[in-house]
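The values are calculated or read from the model by the stated rules, or taken from the named source; none is laboratory data. Quick caveat, the model's predicted, so the values are computed rather than measured. Heads up, the Cβs are rebuilt from the backbone with ideal geometry, glycines too, and the neighbour counts pull from every protein chain shown.
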Amino acid sequence: MSSSKSSIPWFDDFLGVAYRYYDLRMNVVPLFTERKESVTLWNDTIHWWVDPSIKIRFVETGDDYWFILGSDSQKPATNLSFFKVLPKSEHYERFKKGHGGEAYLRLGVYQQQTLDDAKKSAMCACNHEAQDHDEGDGDVCLYNDCDCKKFTSFQVNLSKRKKTISDIKFLDEKDVKDDPLTWNCLNVNKYSKQN
Ligand SMILES: [Zn+2]
Ligand SMILES: [Zn+2]
């Protein structure tokens, strides 16, 4: 069964990736806005992945990095490989240092929270808590030196279903030729679009 990697379509229609500790292990969590979309993607594609063949690759380019995720599938007809170009973040750096060679893959649904939904201790984008925002006055932040006018926060709901990833690599762009998944991703999604 030699599946030609190049025939697997690349998918980047998701919001980003969260890195979270959950069940005592780092979780890599592609993020979606709609629960339905994440469930469909899990059922059609990720459910069929063969755990030991799941690969994640990271390639840093300046302040950004390429997130690349793919696997052999028991149902190749609906298989997809994922990629996304993302800004480096604290969570990414923490994952890079702390993953220990293994991680769980889950899907996440990113939900914007209103001041009404949020717990008092939920953090606003202005770095002050929900309880420091005035529910009576358009949600403005009550700190004098803060010009936040509206509470904005989000939570990520993680799927219970998970896959185990044990093939995790951080690659330099000059070395990607030796890694078929990464090489194919950059060829299709980067080099063929530059000119
Ligand atoms: Zn605020
Ligand atoms: Zn504030």
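Tell me which residues, restricted to the range 109-150, are modelled with pLDDT of 90 or more and in contact with a Leu (Cβ under 7 Å, 6 or more places away or on another chain).
Result: Ala130, Asp132, His133.
For the range 69-87, what are the residues that are over 15 Å from Ile54 (Cβ atoms) and in contact with a helix residue (DSSP H, G or I) (Cβ under 9 Å, 6 or more places away or on another chain)?
Of everything in the range 69-87, those that are over 15 Å from Ile54 (Cβ atoms) and in contact with a helix residue (DSSP H, G or I) (Cβ under 9 Å, 6 or more places away or on another chain) turn out to be Thr78, Val85, Leu86.
Could you list, in sequence order, all residues of the range 68-83 that are crowded, with 21+ Cβ neighbours inside 10 Å and not polar (S, T, N, Q)?
Ile68, Leu69, Gly70, Phe82, Phe83 - these are the residues of the range 68-83 that are crowded, with 21+ Cβ neighbours inside 10 Å and not polar (S, T, N, Q).
For residues that are on the phi < 0 side of the Ramachandran plot and over 15 Å from the mean Cα position of the chain (by Cα), tally how many sit in the range 11-38.
Residues in the range 11-38 being on the phi < 0 side of the Ramachandran plot and over 15 Å from the mean Cα position of the chain (by Cα): 2 in total.
What number of residues within the range 122-139 are more than 8 Å from ligand 1 (Cβ to nearest atom), assigned to a loop (DSSP other than H, G, I, E, B) and more than 25 Å from Arg35 (Cα to Cα)?
Just the residues of the range 122-139 that are more than 8 Å from ligand 1 (Cβ to nearest atom), to begin with: 122-123, 129-131, 134-138.
Retained after the next criterion (residues that are assigned to a loop (DSSP other than H, G, I, E, B)): 122, 134-138.
Those still in the list that are more than 25 Å from Arg35 (Cα to Cα) too: 134-138.
Here the count works out to 5.
Regarding the range 91-111, can at least one residue be identified that is farther than 18 Å from Asn27 by Cβ and away from ligand 2 (no atom under 16 Å from the Cβ)?
No; the residues of the range 91-111 include none that is farther than 18 Å from Asn27 by Cβ and away from ligand 2 (no atom under 16 Å from the Cβ).
Residues being within 15 Å of ligand 1 (Cβ to nearest atom) and hydrophobic (A, V, I, L, M, F, W, C): count how many of those fall in the range 85-121.
The qualifying residues number 2.
Does Asn144 satisfy the criteria of being in a helix (DSSP H, G or I) and either surrounded by 15 or more Cβ atoms within 10 Å (Cβ to Cβ) or not charged (D, E, K, R) (or both)? Don't jump to the end; show me each part of the working.
Numbers: in a helix (DSSP H, G or I): no; either surrounded by 15 or more Cβ atoms within 10 Å (Cβ to Cβ) or not charged (D, E, K, R) (or both): yes.
The answer is no for Asn144.
Looking only at the range 120-129, decide whether some residue is small (Gly, Ala, Ser) and away from ligand 2 (no atom under 16 Å from the Cβ).
Checked against the condition, which is being small (Gly, Ala, Ser) and away from ligand 2 (no atom under 16 Å from the Cβ), the range 120-129 yields no hits at all.
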